[in-house]
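K.L.:
I'd like to ask some things about the structure below.
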Amino acid sequence: MKIVVLDGYTLNPGDLNWDGMSQFGDLTVYNRTTYDDEVIIKNIGNADIVFTNKTPINKHVLSKVTSLKYIGVLATGYNVVDIKTAKQHNVVVTNVPDYSSVSVAQFTMALMLELCHHVGAHNDAVQKGDWIKSEDFSFWNYPLIELAGKTLGLVGFGKIGRATAKLAEAFGMHILVYNRTIYPEFENSNLKFVTLDELLKTSDFISLHSPLTDETNGIINKNAIGKMKQGSFLINTSRGPLVNESDLAEALNKGNLAGAALDVISKEPMQENNPLLGAKNCIITPHIAWAPKEARQRLMQITVDNLNAFLNGNPVNAVN
């Protein structure tokens, strides 16, 4: 059996191993595959099993790789695969759910704390000698904010949203949730489900944890930003297209929002003309909330378990 990994470097830059996969057959791992149909077809070759993280497998590719029986997506989101065509070709597609909920929630809080304290910028100032030159025993270059008593609005309440709520409550924050489904069992004196309008108008911090759908695409736009509290902050560790980046950049540059922290953007890697580059009070990290080694180890193990289940005739985490 031939197994191919099209873009293995992001999952395993060298601190993990592929032994779990190689036990099932002849394994070839490409660190990266150019997003060109002919290159993708060449790299898949006559493989029975293929794994992809972000390398697209579209209708044309599927029509050419006739030996393929299984596609494992090395992520939770699976929009890189044409799952409808895969099903027509009797190719099972699986994903890896819930491997990074704890990591992403932790990173969300890290971004929130950075917006409150600007630890990195203050360290840079000290390293530059500003403290040595200071006439006072301490200084700060940004307003410093205490989270206790502030309101966090969560847009989306899946496992990551719930994990984030738990951490935020530990900081003494009040939680508002906007979600397609309301879960009364989670409501208490400190957490309640509200409309999107109420969340926008009331929250000091808004954190996005929704999947990307037709309904959520651009959910944070000029209209939504106009309803947000003056001096509020936006955090996005979910999907870049949830935010209209031009509208957000305009709001930040005009001072309508106090700041934003984003781990995802609409087109990744980032393009030079992204309007958020250089926007005021905007922190951007390169889509790393999911990437602690512990989370990647879980991703690898679930991937191996998915493949084992498929080979035993009982697919799990199938999306088609």
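Values in this text are rule-based calculations from the coordinates and carry no lab data. Since this is a predicted model, take the numbers as computed values, not measurements. Counting neighbours? That spans all protein chains shown, and the Cβs are built from the backbone with ideal geometry, glycine included.
K.L.:
Using DSSP H assignments, which helices in the chain have an axial alpha-carbon span of 15 Å or above and a mean Kyte-Doolittle hydropathy of 0.5 or higher?
P.N.:
Details: long enough: 101-117 (24 Å, 1.18); 159-170 (17 Å, -0.12); 293-311 (27 Å, -0.33).
Long hydrophobic helices here: 101-117.
K.L.:
For the range 180-197, in order, what is each residue's ³J(HN,Hα) by Karplus, 6.51 cos²θ - 1.76 cosθ + 1.60 with θ = phi - 60°, in whole Hz (x at glycine and Pro)?
P.N.:
Ordered by residue, 3J(HN,Hα) equals 4, 10, 9, 10, x, 5, 8, 6, 7, 5, 10, 9, 9, 8, 9, 6, 4, 4 Hz.
K.L.:
Which order do the peptides 165-176, 275-286, 103-114 take when ranked by the mean count of other beta-carbon atoms within 10 Å per residue, highest first?
P.N.:
Sorting 165-176, 275-286, 103-114 by mean packing, highest first, produces 103-114, 165-176, 275-286.
K.L.:
Each residue of the range 81-97 in order: what ³J(HN,Hα) in whole Hz does its phi give by Karplus 6.51 cos²θ - 1.76 cosθ + 1.60, θ = phi - 60°, with x for Gly and Pro?
P.N.:
Values per residue, Gly and Pro as x: 10, 6, 6, 5, 5, 4, 5, 4, 8, 6, 9, 6, 10, 10, 10, 10, x Hz.
K.L.:
Residue-wise, which Karplus ³J(HN,Hα) couplings in Hz belong to the range 52-66, taking 6.51 cos²θ - 1.76 cosθ + 1.60, θ = phi - 60°, and x for glycine or proline?
P.N.:
So the Karplus estimates, Gly and Pro as x, are 9, 9, 10, 5, x, 10, 9, 4, 5, 4, 4, 6, 9, 9, 6 Hz.
K.L.:
If amide hydrogens are placed 1.01 Å from N in the peptide plane, which non-local residues have theirs closer than 5 Å to the one on Val81?
P.N.:
Ile57
K.L.:
I've got another one for you. Please report how far the C-alpha centroid of the range 230-293 lies from that of the range 7-32, rounded to the nearest whole angstrom.
P.N.:
32 Å
K.L.:
When ranked by the protection proxy of mean other Cβ atoms within 10 Å per residue, highest first, what sequence do the peptides 187-193, 224-230 form? Intermediate values should be presented prior to the final figure.
P.N.:
Details: 187-193: 13.6, 224-230: 16.4.
Final packing ranking: 224-230, 187-193.
K.L.:
Sort the range 173-301 into rounded, prolate or oblate with this rule: let a ≥ b ≥ c be the square roots of the eigenvalues of the Cα gyration tensor; rounded if a/c is under 1.5, and if a/c is not under 1.5, prolate when a/b is larger than b/c, oblate otherwise.
P.N.:
Note, shape of the range 173-301 comes out oblate.
K.L.:
Which residue, chosen from Ile3, Val61, Leu74, occupies the Cα position most advanced towards the positive end of the dipole of the range 1-91, where the dipole is computed from +1 (Lys, Arg) and -1 (Asp, Glu) charges on Cβ about the Cα centre?
P.N.:
Value: Val61.
K.L.:
If I take every Cα pair under 8 Å that is 6 or more residues apart in the range 59-142, average their sequence separation and divide by the length, what percent do I get for the relative contact order?
P.N.:
Answer for the range 59-142 is 23 percent.
K.L.:
Same structure, new question: Which pairs in the list Lys192/Lys293; Lys128/Lys201; Lys159/Lys254; Lys150/Lys293; Lys150/Lys280; Lys128/Lys150 are over 29 Å apart, alpha-carbon to alpha-carbon?
P.N.:
The pairs that break the limit, which is 29 Å between Cα atoms, are Lys192/Lys293; Lys128/Lys201; Lys159/Lys254; Lys150/Lys293; Lys128/Lys150.
K.L.:
Let me ask something additional. Given H placed 1.01 Å from N in the peptide plane, which residues other than close sequence neighbours of Val177 have an amide H under 5 Å from its amide H?
P.N.:
Under 5 Å from the amide H of Val177 lie the amide H atoms of Leu154, Lys192, Phe193, Val194, each far enough along the sequence or on another chain.
K.L.:
What does the charge add up to near Asn274, with Lys and Arg as +1, Asp and Glu as -1, over the other residues with Cβ less than 12 Å from its Cβ?
P.N.:
Once all neighbours under 12 Å are counted, the net charge is -2.
K.L.:
Can you tell me the dipole magnitude for the range 159-236 around its Cα centre, using point charges on the Cβ only (Lys, Arg +1; Asp, Glu -1), in Debye to the nearest 20?
P.N.:
Dipole magnitude for the range 159-236 comes out near 140 debye.
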